[in-house]
Number of protein chains: 2
Amino acid sequence: MTEQAIQAKKASRVLAALSTEVKNEALIHVADQLEAKYEAILKANEADLQKGREKGYDDAYMDRLSLSKNRVFSFAGGLRKVAGLPDPVGEVSSSWTLENGLDVEAVRVPLGVIGMIYEARPNVTVDAAGLALKSGNAVVLKGGSSALSSNKAIVNVIHEALDETAIPKEAVQFIESTDRSAVNELLTMKEHIDVIIPRGGGSLIKTVVENATVPVLETGVGNCHLYIDAEADVEKALAILVNAKTDRPAVCNALETAIIHQDWLNEHKDALIETLLTHNIAVHGDDTAVKTIPHAIPATEEDWANEYLSLDLAVKVVSGLDDAIDHINEYGTNHSEAIVTENKQTARTFMTQVDAAALYHNASTRFTDGEALGFGAEIGISTQKLHARGPVGLPSLTTIKYIMSGDGQVR
Amino acid sequence: MTEQAIQAKKASRVLAALSTEVKNEALIHVADQLEAKYEAILKANEADLQKGREKGYDDAYMDRLSLSKNRVFSFAGGLRKVAGLPDPVGEVSSSWTLENGLDVEAVRVPLGVIGMIYEARPNVTVDAAGLALKSGNAVVLKGGSSALSSNKAIVNVIHEALDETAIPKEAVQFIESTDRSAVNELLTMKEHIDVIIPRGGGSLIKTVVENATVPVLETGVGNCHLYIDAEADVEKALAILVNAKTDRPAVCNALETAIIHQDWLNEHKDALIETLLTHNIAVHGDDTAVKTIPHAIPATEEDWANEYLSLDLAVKVVSGLDDAIDHINEYGTNHSEAIVTENKQTARTFMTQVDAAALYHNASTRFTDGEALGFGAEIGISTQKLHARGPVGLPSLTTIKYIMSGDGQVR
C-alpha cells in the first residue's frame, strides 16, 4: 500500500504539469470508455448486489449500491461536466512587488495526493477520480467492501482509458484490501498523502478524524434545523419544511429538527398537523409539541442529536429566537440551518449567531449542494472551518505556492 | 480546562459581533497597559530565568525566554500594528444570485476558538492573543512550562486591560497546568476548539499532529535548501548563501543544506571556501564536498534531514537540476527553497517541480516571513497545504459562512 501511495505521489508530479486541455481530453476519454464498457461494470455490480442480498442489507443501502446503465451513463456525464469546469491550477491569485524589487506571486497548485475513504456508493469512485484529476491531483481510493467488485471494475475501465491518455494511470490508485488496518495505514501516510476526505456516515467520519495524522477535510454529517419564527409566513414555512424533510430524506442537507415559535404554532397548528400527516412525517416532539400534534411521540435526548435520514422529524417549541439559536449551536453539526421569518432583523441575528457552513433565510436547506449553489461539481460538503466550508469544489482541491523572483535580494 | 474552553467559545460569540473599531481600541488599550505594567512582567520573567539557570538551559534558550523593557515595549508595539491591519471579518468575498432568485453571499467570519500551543518565547502570548482578537477569535493559550511565570503575568495584564474594554476577558484563556495530559486534552476538544496552532520545535509539532482530533494548522519546521546551479552568478550565490545561513540561524527560514552544481563548484571553489570560513560556517559534506572543501566533515544520512538552527550547513554536490529537485522533495519540509541561476527556464522548472510553500529565484529564503513579504503580522509559517500555506496572516484566522436569502425557494 505504501508502494501505491508512492506511485500516486510520483504520478501527481506529472499530472501537476499537464495543461487543462490535456486533462479535459483524458476525462472525456474516460467518460467514453465507462459508457462503452458499462456491461462489465454492471456484471461486477451484480456480484456485489448478490452478496448484499445474502447479507440482508436494507432497501436504502441496496439502492445506494446498485448500478444500472442509466447510472453509469450519468456518472460518465458527470465526468464530461467536470471536464467543462474552469481549471483552478496555475491561476495567479495575487501578485505584488516588495520595495526591494522582489516579485511575489501566489500561484494555485494541486494539493498532490488525495486519499478518499467512502462507503457503499460506487459513483464516488468516478466522481472523486474526476475531480482529483481535473484539479491536477492523484487520488488513492478506499471504497466500502460491499462495493468492492463494482469499484474494481470501474477502476479497471479508468486505468485502461488513462493508458491511452497523457495522464499516468498510477494517478488513480485503488486499495483492494478490505482490512480495517488498511484504512489506518492510509490515515497516517503523511509522507505521501496530502489530504484525506472521508465520505459516509458519522462513524466512518469519526474513525477518520480520530486516527488520521494526514490533514482531514471533514464532510457530511448534517443534523439540519429549520426555525419557524413567530413572524413566519405560513405557506413558506410549510413548503420549506416539507421540501427539506421529504425531498430526499437520506441526504445530509435534509431537515432533521424543526424548532417552532410558540405563537406561530398556536396560530397555525391545524395547517401544520395536516401537512405533517399528508407527507407521512413522523414527529418526535418535546412536551409542548406532543400536546399539540396528535401523532407525535415524545423525543428523547438522542432525538435532538439524531441525523434520522428518514421521514422522522424532531420538533421543539420555543418562546423566542435565542432559545432556537442556543439549541442549534448545541445540537447542530455546522452544516445547514434555516429560518423562516418576515422580520429581516430576526433573520440577520440568526445569520450572525448560528455557527454553520450554510444559513438560509426563507429557503430550504436542500440547496447546500455544489450544483444547486452554482459551484459546479463537489467532492462533499465540508462541515469543518479550515480550508473549505460548505460544498467542496475544484478550487478547494488546490493550494497556494508563493513564488519569489529576485536579483540577489537578501535580508 | 473544559470550563475554560467553554468560556472561550461563549466569549468568541460576543467577539464575533464586535466592530473593527471596538476591537482596535481594545488592542491599543492592552498595548498601553503592557507598557504601563512592564515592571510586573519583568519581575515574573526573572523568576522563570532563575529557574532556567538552575536547570542549566543553554544560551539560545535563555535568550528566547528572557524579556526586557525593550522587548515588552516591542510586543506592545506589535499589538498596535495589528490594530492597524485591515479586519477580514465581515468581508463579502463573493456573492451571486441563482436562477430561482436565491441570493448567495460568502461572508468571512472568525474561526471561533484558536488553541495555541507553544514553547519558550513569551512574546507568542501577546502575538497570538492580538491576532486572534483582531480576527474576532477567542484563544486558549498553552505556553511552555519554562515561561509559565512570565506568561501568567502577561495574561494578567491582558485580562485587566480587557476588563476595561468591550472584549470579554474570557476571550483569552491561559492553561496554567504544566501537565502533559493538559496538552492532550486540548488537542481533542473538538466541541469547543476550532483549530490548534502549534509553534515550536519538531517534537512539539509531531506530538500535536499525532494526537489532535481538532484540525491543526501545522507550522514551522524548515529544512530549507539553496540550489546553486551551473549557471549561477557567483556574487548572488554567495551573498544569498551567507544571508540565508547566518542572518538568524535559529529561525525556520534559515538555510540548512546547500546543493551545488559540480561545474559551478569547480569554477568557484576558492571563493566558496573563503566565504564559508569567513562566516564560520561548519560544513557537513557529501564525498565530493569533503574532497573539495578542506574544513568539511562527512555528512551522515541524518544531516540531510537536520534542521541545524546553527552555523552548520550540509553540502551536497550534484550534476544537474533533477538531482537537486529530487533531494529537496525527499528531505525538505515544504517550507522555503531557493535556486540561484541566470537561466530562467531552469528556474521555472525548479518552481514547478519543487513542493514547498515558498520558492525563491535569486533571493534568500529569509524572506519567508509575514512582515518581510508584506502580509502584516503572522501567527506562524504554515508548512501544510490545507487552509493556509506560508505565512499565516489574519485572513487565515477566518472562515467562510454561506448566507442564502430567499422568498420561499424549495428544490
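The values are calculated or read from the model by the stated rules, or taken from the named source; none is laboratory data. In this text the structure is predicted, and so the values were computed from the model without any measurement. Cβ: placed from backbone, ideal geometry, glycine included. Neighbour counts: every protein chain shown. What goes into the accessible areas is simple: the full protein's heavy atoms, side chains included, and nothing from ligands, DNA or RNA. Shrake-Rupley method; radii C 1.70, N 1.55, O 1.52, S 1.80 Å.
Filtered by the rule that a residue be in contact with a helix residue (DSSP H, G or I) (Cβ under 8 Å, 6 or more places away or on another chain) and in a loop (DSSP other than H, G, I, E, B), segment A:160-178 gives A:Asp163, A:Glu164, A:Thr165, A:Ala166, A:Ile167, A:Pro168, A:Ile175, A:Glu176, A:Thr178. Looking across segment A:317-330, the residues that are of a type outside the set (Asp, Glu), open to solvent by 20 Å² or more (accessible area, probe 1.4 Å) and closer than 26 Å to B:Asp194 by Cβ come down to A:Leu321, A:Asn329.
Taking segment A:372-394 as the range and being within 7 Å of chain B (Cβ to nearest Cβ) and at pLDDT below 90 as the test, only A:Gly374 passes.
Answer yes or no as to whether A:Lys23 is closer than 21 Å to A:Glu160 by Cβ and surrounded by fewer than 21 Cβ atoms within 10 Å (Cβ to Cβ). It is false that A:Lys23 is closer than 21 Å to A:Glu160 by Cβ and surrounded by fewer than 21 Cβ atoms within 10 Å (Cβ to Cβ). The test for being small (Gly, Ala, Ser), away from chain A (no Cβ under 14 Å), farther than 13 Å from B:Leu309 by Cβ and within 30 Å of the chain's Cα centre (by Cα) does not hold for B:Ala271. Of the residues that make up segment B:177-193, is at least one touching a Leu at 6+ places or on another chain (Cβ under 7 Å) and closer than 29 Å to B:Asp32 by Cβ? No, segment B:177-193 has no match at all.
How many residues, within segment B:356-373, are over 26 Å from B:Leu394 (Cβ atoms) and either hydrophobic (A, V, I, L, M, F, W, C) or out of contact with any Gly (no Cβ under 7 Å at 6 or more places or on another chain) (or both)?
The total comes to 0.
Only residues that are open to solvent by 20 Å² or more (accessible area, probe 1.4 Å) and closer than 18 Å to A:Glu307 by Cβ: list them for segment A:215-232, please.
Those that are open to solvent by 20 Å² or more (accessible area, probe 1.4 Å) and closer than 18 Å to A:Glu307 by Cβ: A:Glu218, A:Val221.
For segment A:288-304, a tally of residues being in contact with a strand residue (DSSP E or B) (Cβ under 9 Å, 6 or more places away or on another chain) and assigned to a helix (DSSP H, G or I) returns 7. The residue of segment A:200-214 that is nearest to the other protein chains (Cβ to nearest Cβ), among those that are touching a residue at least 60 places away in the same chain (Cβ under 8 Å) and open to solvent by 20 Å² or more (accessible area, probe 1.4 Å), is A:Gly202. For segment B:1-44, a residue qualifies if it is closer than 26 Å to B:Leu65 by Cα and of a type in the set (D, E, K, R), and the qualifying residues are B:Asp32, B:Glu35, B:Lys37, B:Glu39, B:Lys43. Scanning segment B:31-48 for residues that are open to solvent by 20 Å² or more (accessible area, probe 1.4 Å) and hydrophobic (A, V, I, L, M, F, W, C) returns B:Ala36, B:Ala40, B:Leu42, B:Ala47. Tallying residues that are open to solvent by less than 10 Å² (accessible area, probe 1.4 Å) and not polar (S, T, N, Q) within segment A:233-262 yields 11. The residues on offer are A:Asp407, A:Asp369, and the sole one that is within 7 Å of chain B (Cβ to nearest Cβ) and farther than 30 Å from A:Gln262 by Cα is A:Asp407.
Yes or no, residue by residue, for (1) in contact with a Cys (Cβ under 9 Å, 6 or more places away or on another chain); (2) away from every other protein chain (no Cβ under 14 Å); (3) not β-branched (Val, Ile, Thr):
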{"site": "B:Leu226", "(1), (2), (3)": "no, no, yes"}
{"site": "B:Asp263", "(1), (2), (3)": "no, yes, yes"}
{"site": "B:Ile281", "(1), (2), (3)": "no, yes, no"}
{"site": "B:His295", "(1), (2), (3)": "no, yes, yes"}
{"site": "B:Pro298", "(1), (2), (3)": "no, yes, yes"}
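Kindly state which strands (runs of 3 or more DSSP E) lie completely within segment A:331-411 and contain at least 2 residues that are aromatic (Phe, Trp, Tyr), open to solvent by 10 Å² or more (accessible area, probe 1.4 Å) and outside the structural domain of A:Gly84 (by TED's automatic domain parsing). In segment A:331-411, there are no strands (runs of 3 or more DSSP E) which contain 2 or more residues that are aromatic (Phe, Trp, Tyr), open to solvent by 10 Å² or more (accessible area, probe 1.4 Å) and outside the structural domain of A:Gly84 (by TED's automatic domain parsing). Of everything in segment A:212-243 that is of a type in the set (Val, Ile, Thr) and more than 17 Å from the chain's Cα centre (by Cα), the residue that is farthest from B:Leu217 (Cα to Cα) is A:Val234.
Condition first: without any contact (Cβ under 8 Å) to a residue 12 or more places away in the chain and not hydroxyl-bearing (Ser, Thr, Tyr). Now tell me which residues in segment B:170-190 satisfy that. The answer is B:Asp179, B:Arg180. Figure legend. Inter-residue proximity from segment A:146-166: first residues basic (Lys, Arg), second residues crowded, with 20+ Cβ neighbours inside 10 Å, beta-carbon distance below 8 Å, spacing 6+ or different chains. Indicated pairs: A:Lys152/A:Ala44; A:Lys152/A:Phe174.
Note on segment B:167-199: residues that are of a type in the set (D, E, K, R), open to solvent by less than 70 Å² (accessible area, probe 1.4 Å) and under 18 Å from A:Val208 (Cα atoms) amount to 1.
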